[in-house]
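What follows is a set of notes on a single structure, which appears directly below.
Values in this text are rule-based calculations from the coordinates and carry no lab data. Keep in mind it's a predicted model, so treat the numbers as computed, not measured. As a convention, Cβ positions derive from the backbone with ideal geometry for all residues, glycine included, and neighbour counts pool all protein chains shown.
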Amino acid sequence: AVKRQGGDGWRFFSGDLHEEARQRLALTRGLRVALERDEFSVLFQPIVSVTSGRVAGAEVLLRWTPSDGPVSPAVFIPVAEKTGAIIPIGAWVFRQACLAAARWATIFGEAVPYLSVNVSTRQLDDPALADVFEATLRETGADPSRIVIEITETALMDDVDANLRMLRRLAELGLRAAVDDFGTGYSSLAQLLRMPVSLLKIDREFIDGLDKRRDSRIITSTVIGMGHSLGMRLVAEGVETAAQLAELSAHGCDYVQGFYFHRPLAEEAFIDIVRREIAPFLTAPDDPLYFL
Ligand code: C2E
Ligand code: MG
Ligand code: MG
Ligand code: MG
C-alpha cells in the first residue's frame, strides 16, 4: 500500500496499516507507565582509548523490558520522541548517568571513565532541560566534566540557533557535548565551528565500510583530520574487526567503541573491566592493542 504523506513525500507501508497503528498505540501506552513500573535499565558500553588501549569512558544505553519481553531502542525511542515521553525518560537516564559518575568517582578517583549520554532533539527543545540537569548534578554530586551529552548530527543541525543556545547553557553547567552519528547528516563546517562540541562520533556506517570501501576510508580520514583541526576528539562507533581498528589507528582516531572490544555491559561488569585494566595491563603479545 502507498499512502500520501505530509505533502512532500510518499511513504511505503509493507504491512497492514491497522496493525502498525495498533502496535504504535500499545508502545505509546506502555511507555507512559514504564518509569513508574521500573521497566527501564541502562547498560554501559566501554569507549577505548586507541593510544593506551584502556577504557576511557562509557556510552550509557537505555534498555526497556516490559513484562512481555525487551523492546529495542530503535523501536521505542522514536515513539518516545514523538509522544514526548522521552522528556521524563531522558531525565531518568541522565540521573542514572550522574549516579554512576558519583559511584565511579569513589572507586576510581582521578582515573574515572567519562559517561556519554544520548539526548534527543525533543529534550534539547525543552526549555527546562538545563535546569533539570543542573538540579540532578547538584543532587547526585556528579562531576559534570566527566559527563558528555551526545546529540545526533541530524538533530543538532535541525535548528542550529536554538540548539546552540541550549548547548551553551549545558556547557555553563560544565557538561561537554559530542556529535553522534557524524557523517550521516549535512552539517557545514561553518555550523560545526560555532558549536561548543568536544567530540565527534563517526557513524558506524563508515566504520563498517573501512576495510571494504574506498569512499568510507576517505570520509573517515577526512572527518578525523577536520575534527582534530577544530580541536575535537574523534570516537569511532561500531568497531567490529582488528582491520578496522588498524585503519582507525593509522588515521589517528582517538577513541573506539564497538563489539570488537566490548558489548554494552551491566555496571558491575563494566567496573570489573576497568579495575582489571588498572592492574597489570596488556600482557598478551597477540592482542592487537599491544602494538599501539
Ligand atoms: P547510538 O547512540 O548511535 O548508540 C550506538 C548503538 O550502536 C547502540 O545500540 C550500540 O549497542 C550499538 N553498537 C555499539 N557497537 C556496535 C558494533 O560494534 N556493532 C553493531 N552492530 N552495533 C554496535 P542500541 O543500544 O540498540 O541503541 C540504538 C540507538 O538508540 C542509539 O544509537 C541511540 O540513538 C538510541 N538510544 C539508546 N539509548 C538512548 C537514550 O538513553 N536516550 C536517547 N535519546 N536515545 C537512546
Ligand atoms: Mg550515541
Ligand atoms: Mg551513534
Ligand atoms: Mg547510531
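Label separation (Met226 vs Asp125): 2.6 nm, computed from points 7 Å beyond Cα along the C-beta direction. Amide H contacts under 5 Å for Ile149: Val117, Arg176, Ala177, Ala178, restricted to partners 5 or more places along the chain or on a different chain, H placed in the peptide plane at 1.01 Å from N. Neighbour counting of Cβ atoms within 10 Å sorts the residues Thr65, Thr106, fewest neighbours leading, into Thr106, Thr65. For the stretch 108-122, the Karplus equation 6.51 cos²θ - 1.76 cosθ + 1.60, evaluated at θ = phi - 60°, returns couplings of 9, x, 4, 8, 5, x, 7, 10, 10, 10, 6, 10, 8, 4, 4 Hz by residue, with Gly and Pro reported as x.
In a fully extended conformation the segment linking Ala243 and Asp68 would gain 59.1 nm over its present Cα-Cα distance, using 0.36 nm per residue.
Under a no-solvent Debye model with one identical scatterer per Cα of the chain, what's log10 I(q)/I(0) at q = 0.07, 0.10, 0.17 Å⁻¹? Log10 of I(q)/I(0), two decimals: -0.28, -0.59, -1.53. Note on the chain: dipole from Cβ charges, positive end direction compared against Asn118, Met195, Thr51; the farthest Cα belongs to Met195. In this simple spin-label model, placing a label point 7 Å from the Cα along the Cα-to-Cβ direction at both Ala26 and Ser145 gives a separation of 4.9 nm.
Result for the chain in a Gaussian network model with C-alpha springs under 10 Å: among Ser41, Ser187, Ser229, the largest mean-square fluctuation is at Ser229.
Find the percent of Cα-Cα distances in the stretch 148-233 that exceed 20 Å, and round it to a whole number. Let's see the in-between values first.
Numbers: 1154 of 3655 pairs.
Across the stretch 148-233, Cα pairs with separations above 20 Å total 32 percent.
Across the stretch 60-74, coupling constants 3J(HN,Hα) worked out from phi with the 6.51/-1.76/1.60 Karplus curve, θ = phi - 60°, read 7, 10, 6, 10, 10, 10, x, 4, 9, x, x, 10, 5, x, 4 Hz, and Gly and Pro carry x.
How large, in Å, is the stretch 59-116 by the Kirkwood hydrodynamic radius built from its alpha-carbon pairs? Write down the numbers at each step before the final one.
On the way: mean 1/r = 0.0769 Å⁻¹.
One decimal place: 13.0 Å for the Kirkwood radius.
Comparing Ala246, Ala128, Ala74 in a Gaussian network model of the chain where C-alpha atoms under 10 Å apart are linked, the largest mean-square fluctuation is found at Ala74. Taking the Cα centre of the stretch 147-219 as reference, the dipole from Cβ charges on Lys and Arg (+1) and Asp and Glu (-1) amounts to some 260 debye.
Based solely on its DSSP helices, what 222 nm [θ] is calculated for the chain when runs of n ≥ 4 H residues each add -39,500 (n - 2.57) and the sum is averaged over all residues, nearest 500 deg cm²/dmol? Could the numbers behind the result be given before it?
Values: 12 runs with 134 residues, N = 292.
When only DSSP H runs of four or more count, the value is -14000 deg cm²/dmol.
For Gly258, the residues 5 or more places off, or on other chains, whose built amide H falls under 5 Å of its own are Gly238, Val239. Given +1 at the Cβ of Lys and Arg, -1 at the Cβ of Asp and Glu and no other charges, the dipole of the chain around its Cα centre is 280 debye to the nearest 20. Amide H to amide H, with H built 1.01 Å from N, Tyr114 comes under 5 Å of Gly57, Ala58, counting only residues 5 or more places away or on other chains.
Send over the per residue convex hull volume for the stretch 73-156, Cα only, as a whole number of Å³. Walk me through the intermediate numbers first.
Numbers: hull volume 8.2 nm³, N = 84.
Normalising the Cα hull of the stretch 73-156 by residue number yields 97 Å³.
Evaluating kT/(6 pi eta Rh) at 37 °C and 0.692 mPa s, with the Kirkwood radius of the stretch 114-262 over Cα pairs in the Stokes-Einstein relation, gives 207 µm² s⁻¹. Here the stretch 87-117 and the stretch 166-190 have alpha carbon centers that stand 19 Å from each other.
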